[in-house]
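The numbers here are math on the coordinates, done by the rules we state, and not lab data. Bear in mind that the values here come from a model prediction, so they are computed numbers and not experimental data. Heads up, the Cβs are rebuilt from the backbone with ideal geometry, glycines too, and the neighbour counts pull from every protein chain shown.
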Amino acid sequence: MKTIRPFVLINMAMSADGKIAPAHRRFVSFGSRRDHANLLSLRATADAVMCGARTVDSAPVTLDAGGPEYERRRLRGGLARQNLRIVVSGSGSVDPEAAVFRNQVSPVIVLASSQVPKSRLAKLERLADCVKVCGKNKVALGQALGWLQREWAVNRLLCEGGGELNFELLRLGLVDELHLTICPRIIGGRDAPTIADGDGFATLAKAANLELTRRLRLGDELFTTWRVKPKSG
């Protein structure tokens, strides 16, 4: 039986060689203003925006709607003025000074696992509006997505990385659509993160398969949309 869950889309900008940051993993913005506007436009269609703890720690991201123009788009589309904001952290090691916690425009939900020590869990509960423990050693994403739909009415969920979270969603067959901006940069580095890190698929037979549904060139950037084909069997 198919798990009841939100429609999940991933949005990422990457270099022409598939990297999303240099090997040091510190935040570097290499997409254009058009790419940022595309990101905010996608947020304006989603009930919730999600990213991993490392992304929250390494970049000044607030995960909010992005200003009055996008708030108005949300309202015209029948959504709340601001989206929910979700941080995934299996270990609970989120920087308490992260920008997402300081910007209190909408609820912040932290998804954690039961490996998080009680003392750290208590700190998270003081920071976030809600902390949900799903899974033993890591966040059980399928379970978490079902809970988000039931308890928070999340029907459309936008994930903005990082690579390990993206891969786990893809591995579990929980992604419906991928929005990918290809930027005119070569970053290089065998340890530089990509849009899908983690352990990787062991064989091509297990790989996530995509269907290109849209492409648009603006300047030297290529904006693409891909449908993630359901896994057979």
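Worth a mention:
- Residues satisfying the stated conditions in the stretch 96-121, i.e. loosely packed, with under 11 Cβ neighbours inside 10 Å and more than 21 Å from the chain's Cα centre (by Cα): 117, 118, 119
- If you go through the stretch 25-58 and keep only what is outside any helix (DSSP H, G or I) and in contact (Cβ under 8 Å) with a residue 40 or more places away in the chain, you end up with 25, 30, 31, 32, 45, 46, 47, 48, 49, 50, 51, 52.
- Contact map, the stretch 70-86: residues that are in a strand (DSSP E or B) paired with residues that are crowded, with 18+ Cβ neighbours inside 10 Å and of a type in the set (D, E, K, R), Cβ distance under 8 Å, separation 6+ or inter-chain. Pairs shown: 84/47; 85/64.
- Some residue of the stretch 45-68 being over 17 Å from the mean Cα position of the chain (by Cα) and either crowded, with 20+ Cβ neighbours inside 10 Å or more than 16 Å from residue 158 (Cβ to Cβ) (or both): yes
- Candidates 91, 119, filtered to the one that is of a type in the set (Ser, Thr, Tyr) and in a helix (DSSP H, G or I): 119
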